[in-house]
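The next block holds one structure in the form of structure tokens; read it before the comments.
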Amino acid sequence: MIADSEEVLRAYTEHRGLHLTDPAVLDGSDAIIYAESAALEALSMLADQRGSTADLYFAELFDEPALSHLTPVMPALLNFLRARLAEQDPVLRLEHDTPRLAHSLLLLAAHALKQATDAPAGSPQAVALVDDCLARLARDPLNDRLPPGDLCFALSSEERRHAPAARFVRDEIRKIRNKALPPKHVVVLPDQPPLLVLDLGARPDIQDLLRILETDPPADGADTANWWQVLPLPDQILLRLQLDWLDPVRAQLVLLLDADAHRDALARIAEHGCLDITAGLPDDPDTVFFRARVLLDGSHLADLLLLAETRRTALTKA
């Protein structure tokens, strides 16, 4: 399995044909774990070389027929791995029929290594980067030193019909937490919409969006859509907010707020019909302070908070 995983890394970075001992070997769970570890190492090396992973794109993979079917999942995998590197313990729930996950992760790793150097494919510099990545994997892999996150496959429709209750509930919780980001801080000030401070180390696209919205906002305002959901779990009640920006760029952000811990903030959001989001506070020297306002349906949120209160009472009685 390790030999075939290394072959994927080397074949792509050397721009040559792939010669696997047995392609089915890369379908197993052990191959997925190794490939995820390789992708973490490669992204870390890219960040070391370039200062960031923000410029990692997959457009050139679309032009390769043998690889193009693997590329749709890569942006989600990239954000998941970035979140692991930021020690955020993320959840990524993939469709049950996602093809060749280990191969996709290894291609992502190889692509990151290619972007880490200006040297041509197969050059000594490119080969040395792959050698360094494999040495790190063998010596002291990041995968063993970071919060594990939860990279999983969703249950298929058939599996959901016959799954034991515990497995079904676990899949539902993963659905709730899929790609979601809990706020780092929630700031409630008098006569102001609540400010949600986010750790966007894993989402440079949202960092750029906040900068654009503050420094060069669209003349008619940003084109956005949003959805709230109440999500009663066995030990807490969450509110899930999905924010979709259609203009000036397309982006999606999913936030999770605790109905109890963030009760005052949620009530204030419902009152004002908006909230502010930022990646840092004005006095934080480590981040640039850009803030964006998001308009919401306050009355709808107020109805959901009443529903959450009802569910809270039911859970307490249970």
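Results, tabulated for the structure shown:
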{"read-out": "Selection count, region 95-127, where residues are in contact with a Leu (Cβ under 8 Å, 6 or more places away or on another chain) and either in a helix (DSSP H, G or I) or without any contact (Cβ under 8 Å) to a residue 12 or more places away in the chain (or both)", "value": "15"}
{"read-out": "Residue count, region 1-38 (criterion: loosely packed, with under 14 Cβ neighbours inside 10 Å and closer than 26 Å to R84 by Cα)", "value": "4"}
{"read-out": "Test: residue in region 203-218 that is within 24 Å of the chain's Cα centre (by Cα), within 20 Å of R93 (Cα to Cα) and of a type outside the set (D, E)", "value": "yes"}
{"read-out": "Cβ-Cβ under 7 Å pairs, at least 6 apart or on other chains, region 64-76 side buried (at least 18 other Cβ atoms within 10 Å of the Cβ), far side basic (K, R)", "value": "L70/R100"}
{"read-out": "Pairs where the first residue, in region 128-143, is in the same structural domain as Q49 (by TED's automatic domain parsing) and the second is outside any helix (DSSP H, G or I), C-beta under 8 Å, 6+ apart", "value": "L129/A116; L129/T117"}
{"read-out": "Test result for A42, surrounded by 12 or more Cβ atoms within 10 Å (Cβ to Cβ), of a type in the set (G, A, S) and in contact with a Lys or Arg (Cβ under 9 Å, 6 or more places away or on another chain)", "value": "no"}
{"read-out": "Some residue of region 45-62 being closer than 18 Å to A135 by Cβ, touching a residue at least 60 places away in the same chain (Cβ under 8 Å) and crowded, with 17+ Cβ neighbours inside 10 Å", "value": "yes"}
{"read-out": "Positions within region 65-81 being of a type in the set (G, A, S) and either within 21 Å of I33 (Cβ to Cβ) or assigned to a helix (DSSP H, G or I) (or both), in sequence order", "value": "S68, A76"}
{"read-out": "Those residues of region 19-44 which are of a type in the set (A, V, I, L, M, F, W, C) and touching a residue at least 40 places away in the same chain (Cβ under 8 Å), in sequence order", "value": "L26, A31, I32, I33, A35, A38, A39, L40, A42, L43"}
{"read-out": "Filtered residues of region 11-63 (kept if at pLDDT 85 or above and β-branched (V, I, T))", "value": "T13, V25, I32, I33, T53"}
{"read-out": "Yes/no for A112 being touching a His at 6+ places or on another chain (Cβ under 9 Å), modelled with pLDDT of 90 or more and over 29 Å from S157 (Cβ atoms)", "value": "no"}
{"read-out": "All positions within region 198-223 that are assigned to a loop (DSSP other than H, G, I, E, B) and either of a type in the set (K, R) or surrounded by fewer than 18 Cβ atoms within 10 Å (Cβ to Cβ) (or both)", "value": "G201, R203, D216, P217, P218, A219, D220, G221"}
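Yes/no matrix, rows are residues, columns are (1) farther than 30 Å from A165 by Cβ; (2) buried (at least 18 other Cβ atoms within 10 Å of the Cβ); (3) without any contact (Cβ under 8 Å) to a residue 60 or more places away in the chain; (4) among the aliphatic types (A, V, I, L, M):
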site	(1), (2), (3), (4)
A225	yes, no, yes, yes
V249	yes, no, yes, yes
G273	yes, no, yes, no
I277	yes, yes, no, yes
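The values are calculated or read from the model by the stated rules, or taken from the named source; none is laboratory data. Note that this is a predicted model, so its numbers are computed, not measured. Cβ: placed from backbone, ideal geometry, glycine included. Neighbour counts: every protein chain shown.
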